[in-house]
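Worksheet: the structure to be examined is printed underneath.
The values are calculated or read from the model by the stated rules, or taken from the named source; none is laboratory data. Treat the numbers as computed from the prediction; the structure is a model and nothing was measured. Virtual Cβ from ideal backbone geometry, glycine too; neighbours counted across all protein chains shown. These area figures cover heavy atoms from the full protein model, side chains too; ligands, DNA and RNA do not enter into them. Shrake-Rupley method; radii C 1.70, N 1.55, O 1.52, S 1.80 Å.
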Amino acid sequence: MMRTLICSLALALALAHPADAQDRRVAVTFDDLPFQADEATLCDPARLMTITQDFVGMLKPLDTHGAAFVNAGKVCEAERATTLPRVLNVWLDGGLDLGNHTFSHIDIHRTTAENYLADVDAGAPIVRDVLEARGKSLRWFRPPYLFTGETQEKHDAIAAGLAQRGYTVAPVTIDNNDWMFADVYRKAETLGDTALMQRIGLAYVAHMTTVLDFFEPYSAEAAGGREPAQVLLLHANSLNQAYYPQVHALYLARGYRFVPLEEALADPIYSHEDRYVRANGISWLHRWMQTDGHPIRWEPEPPAWIVAANKAPASELQAIASAP
């Protein structure tokens, strides 16, 4: 039923926005496993298993071939050794690959390269064990916040340390600030405002359309005239639980095939030199453009009311959303 619904929605979108006659590919990635939720949920084995099964159950019929990146430290220590492997196996059963996102979602700008790499190491054992039990290896790494070091020394030390550990960094080309929409969505959830939750979700999907309108030609410019395989950054959260199927349909309508991360990274663009060193986490398209001496053109911002609601407490959400 899910597949039929998605195909129907994709067909309707295609009629409104015909896909370009080219081979578009996208690797979908989800950060912040096991889930973006409060500490109580992350340390409740039954609740955590339920939301994981629901999320992966939503993804499985869509055949995204995606990859998901784990912060092992999100699960409280008392439950980590028993609960996290069970949760990660649900993702593997759903056909997704796994990677390391550090233990604690550490911010490289607030620590040393040595401490950062120690956090990478702390995040690896459980993820590695569940992969090796299935004959797979832990090879992917995604830097938290997409930060790769604000000084050349720190940048180079981290890059060398990751390479020594056998990691391939998973770049991102399309970042649509889903984390911001998800924060506002969770605030509406705490208020029990289902109408506002729907408004936020629809704004999120509409923003993804705007983002693609920007990134598709921009990526072609960065790649010398053709659109490269894209890597989409999303997060495991309640917003995507409810609205990722519409995002998926949007990509189908625009002519994308969903491919594994390994296939996307085989595109020649991912061998491009990256000389970007700054205290900011940005798309690799921007990094490559700057490396080539071209000015960065920034993607569209989320709607102003989403930006404002993200910065405000939940108690102010309804007033912000209803403001003219």
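So here's what we get for this one:
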quantity: Choice from L98, L250, L162 showing the highest fluctuation, given a GNM over the chain with Cα pairs closer than 10 Å; calculated: L162
quantity: Residue-wise HN-Hα coupling along segment 90-101, computed from phi with Karplus coefficients 6.51, -1.76, 1.60 (Hz; x: Gly, Pro); calculated: 5, 5, 5, 4, x, x, 9, 8, 10, x, 8, 10
quantity: Residue (of A68, L96, M197) at the positive-pole extreme of segment 56-215, dipole from beta-carbon charges; calculated: L96
quantity: Label point distance in nm, A78-V307, each placed 7 Å from Cα along Cα→Cβ; calculated: 4.3 nm
quantity: In order through segment 228-235: 3J(HN,Hα) via Karplus (6.51 cos²θ - 1.76 cosθ + 1.60), integer Hz, x for Gly, Pro; calculated: x, 4, 9, 10, 9, 9, 10, 9
quantity: Summed residue charge, Cβ within 14 Å of A46's Cβ, Lys/Arg positive, Asp/Glu negative; calculated: -1
quantity: Integer Hz, Karplus 6.51/-1.76/1.60 couplings in order for segment 172-178, x for Gly and Pro; calculated: 10, 9, 10, 10, 10, 6, 4
quantity: Gaussian network model of the chain, springs between alpha carbon atoms under 10 Å - residue of A40, A159, A223 with greatest fluctuation; calculated: A40
quantity: Cut-off 16 Å, label 7 Å out along Cα→Cβ of Q164, residues of segment 108-139 by amide N; calculated: 112-122
quantity: Sequence-separation-based contact order of segment 185-324, relative, with Cα cut under 8 Å and 6+ spacing, percent; calculated: 30 percent
quantity: Residues whose placed amide H lies under 5 Å from that of R25, excluding near-sequence neighbours; calculated: Q230, R257
quantity: Accessible surface of segment 227-324, 1.4 Å probe, proportion on carbon and sulfur as whole %; calculated: 53 percent
quantity: Rel. contact order, % - alpha carbon contacts under 8 angstrom, at least six apart, the chain; calculated: 26 percent
quantity: Å² per residue, accessible surface of segment 108-247 at 1.4 Å; calculated: 38 Å²
quantity: Extension gain from T50 to S322, taking 0.36 nm per residue of separation minus the Cα-Cα distance; calculated: 94.6 nm
quantity: Unit charges on C-beta of K, R, D, E only; dipole of segment 107-210, Debye; calculated: 340 debye
quantity: For N176, distant residues with modelled amide H under 5 Å away; calculated: L233
quantity: Segments 169-175, 90-96, 109-115 sorted - mean Cβ within 10 Å per residue, highest first; calculated: 169-175, 90-96, 109-115
quantity: Where Cα atoms sit under 25 Å apart: lysine pairs in the chain separated by 8 or more or lying on different chains; calculated: 6
quantity: Placed amide H near L98: partners under 5 Å, 5+ positions off or other chain; calculated: A68
